[in-house]
Amino acid sequence: MKTFFEGICNLLAEENTVISLEIKKELDEFILGKDFNFCSNKITSNVSSEVVELLKMSKHSLAKEIIEAEKWLQWRKTTIPTSLISEEVSNLFYVCPIMGIDTFTSSEKFRLGLLYQKPNSYYPLHNHNAVETYAVIGGALEWTDGKEKRKLTVGDIIHHPSLLPHSFKTKQSGFLGLWHWSGDISPQSYKVLE
């Protein structure tokens with residue numbers, strides 16, 4: 001599990017933004033103070049095998065660390081309150097919160113986690129107050145802000161300023177990304193726009 005967190009720190013260092021380096025500093029402090037003989041019980045997840053299969057095809061340096069840490073990772077439908085997201089949309093993806101409230105490492109300033117979006121799915125145009133960054137670890141997706149379109153593949157990083165509308169569309173592989181929020185990290189501002 002320690003190498004998983006170190007892999008995330010390495011990716012944040014590669015991103016090399018003020019925010020990513022602040023998040024890395026908090027994770028480094030967490031790593032130094034943590035006994036990694038915790039959480040030895042496997043939490044059964046209905047998405048773990050899909051994530052592992054996707055990551056086996058990935059050449060990203062963090063893919064192997066996620067596979068090895070999978071037995072400790074706790075996937076859930078969403079971290080967005082159910083009053084703000086329809087069940088239809090929340091069924092498209094799973095998240096594994098790593099940093100924030102009630103996660104591996106507590107933070108009042110940042111949220112960080114993994115997101116797995118199912119194959120052949122469209123996560124509709126949405127926005128939120130938080131500044132957000134995604135790093136593609138496995139699979140691929142079509143990203144848009146409603147105007148510009150980009151195809152993102154393993155190794156790509158995309159930044160969303162506060163309130164920028166954005167959506168994700170996957171093909172047959174789905175995608176797995178490491179995401180982080182900064183600024184106003186409350187999920188209460190989340191809004192689906194279409």
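Residues in region 1-20 that are closer than 19 Å to Gly155 by Cβ, open to solvent by 70 Å² or more (accessible area, probe 1.4 Å) and free of Cβ contacts under 8 Å to residues at least 12 places away in the same chain: Glu14, Asn16.
Scanning region 48-105 for residues that are basic (Lys, Arg) and modelled with pLDDT of 90 or more, we see that the one that is surrounded by the most Cβ atoms within 10 Å (Cβ to Cβ) is Lys64. Among the residues of region 67-96, those that are touching a strand residue (DSSP E or B) at 6+ places or on another chain (Cβ under 7 Å) and closer than 23 Å to Ser173 by Cβ comprise Leu73, Trp75, Arg76, Lys77, Thr78, Val89, Leu92, Phe93, Tyr94, Val95, Cys96. Residues that are surrounded by 16 or more Cβ atoms within 10 Å (Cβ to Cβ), without any contact (Cβ under 8 Å) to a residue 40 or more places away in the chain and over 13 Å from the mean Cα position of the chain (by Cα) are absent from region 174-194. Can we say Leu112 is touching a residue at least 24 places away in the same chain (Cβ under 8 Å) and open to solvent by less than 60 Å² (accessible area, probe 1.4 Å)? Yes; evaluated as a whole, the condition is true for this residue.
Listed by position, the strands (runs of 3 or more DSSP E) inside region 73-175 whose residues that are touching a Lys or Arg at 6+ places or on another chain (Cβ under 8 Å), farther than 24 Å from Asn16 by Cα and of a type outside the set (A, V, I, L, M, F, W, C) number at least 3 are 122-127. Would a scan of region 142-149 turn up a residue that is acidic (Asp, Glu), farther than 24 Å from Lys59 by Cα and surrounded by fewer than 19 Cβ atoms within 10 Å (Cβ to Cβ)? So far as region 142-149 goes, yes, one or more of its residues are acidic (Asp, Glu), farther than 24 Å from Lys59 by Cα and surrounded by fewer than 19 Cβ atoms within 10 Å (Cβ to Cβ).
The values are calculated or read from the model by the stated rules, or taken from the named source; none is laboratory data. None of the values given here were measured: they were computed from a predicted structure. All Cβ positions, even for glycine, are placed from backbone atoms using ideal geometry, and neighbour counts span all protein chains on display. The area values use the complete protein model at the heavy-atom level, side chains included, leaving out ligands, DNA and RNA. Shrake-Rupley method; radii C 1.70, N 1.55, O 1.52, S 1.80 Å.
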